[in-house]
Amino acid sequence: MTDPLTFADSSPRWSLPLLFPGQAQKEIFVNEALARLDALLHAVVEGEAATPPASPVEGEAWIVAPGASGAWLGQDGTLACRQSGQWLFLAPTEGMLAFDRGAGQRRLFSGGWSAAPTVPAAAGGTTIDTEARAAIGAIVAALSHYGLISES
């Protein structure tokens, strides 16, 4: 016979609050979990900043840059999501992707937030072979970094 499952007070991946039998005001815990899921499901951020925007809009999210200040002080690297008139800070997990509206590209969390590098275009002339090889190398490196291909 297997042992019965026991639960902590939150889920292991996203720290979603869990309910317990006889718990009062369950709606608070359920609403907090839904707010976190709303921010994390297909994450979209406005960009990366060290200070909160002056007039934040409900539902917007930001990657908190290093050296954060103001309401974001001490939250470097987290996602700051505007929910119910306040900031909800969520720690990213390894491999998390978020679309950055400001940059128009995906950001990957792998020990820190990064974006695919800009690939240089070949300019022509007598060095086209060298430029083409460098451009192809940059494409392969970017695809490999984001786990889309495996470099051999």
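Values as computed for the structure displayed
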quantity	calculated
Looking only at the range 15-34, and only at residues there that are buried (at least 16 other Cβ atoms within 10 Å of the Cβ) and of a type in the set (A, V, I, L, M, F, W, C), the one that is nearest to GLY77 (Cα to Cα)	LEU16
Of all residues in the range 69-84 being out of contact with any Phe, Trp or Tyr (no Cβ under 8 Å at 6 or more places or on another chain) and closer than 20 Å to SER110 by Cα, the one that is surrounded by the fewest Cβ atoms within 10 Å (Cβ to Cβ)	GLY74
Single residue of the range 35-54 satisfying the filter (surrounded by 13 or more Cβ atoms within 10 Å (Cβ to Cβ) and not aliphatic (A, V, I, L, M)) that is nearest to TRP113 (Cα to Cα)	GLU48
Verdict on THR126 being out of contact with any Ser or Thr (no Cβ under 7 Å at 6 or more places or on another chain), farther than 30 Å from ILE149 by Cα and modelled with pLDDT under 90	yes
Those strands (runs of 3 or more DSSP E) lying entirely in the range 8-102 with at least 3 residues without any contact (Cβ under 8 Å) to a residue 60 or more places away in the chain and closer than 27 Å to SER144 by Cβ	97-100
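The values are calculated or read from the model by the stated rules, or taken from the named source; none is laboratory data. None of these values were measured; they are calculated from a predicted model. Cβ sites come from the backbone with ideal geometry, for glycine too, and all protein chains shown count toward neighbours.
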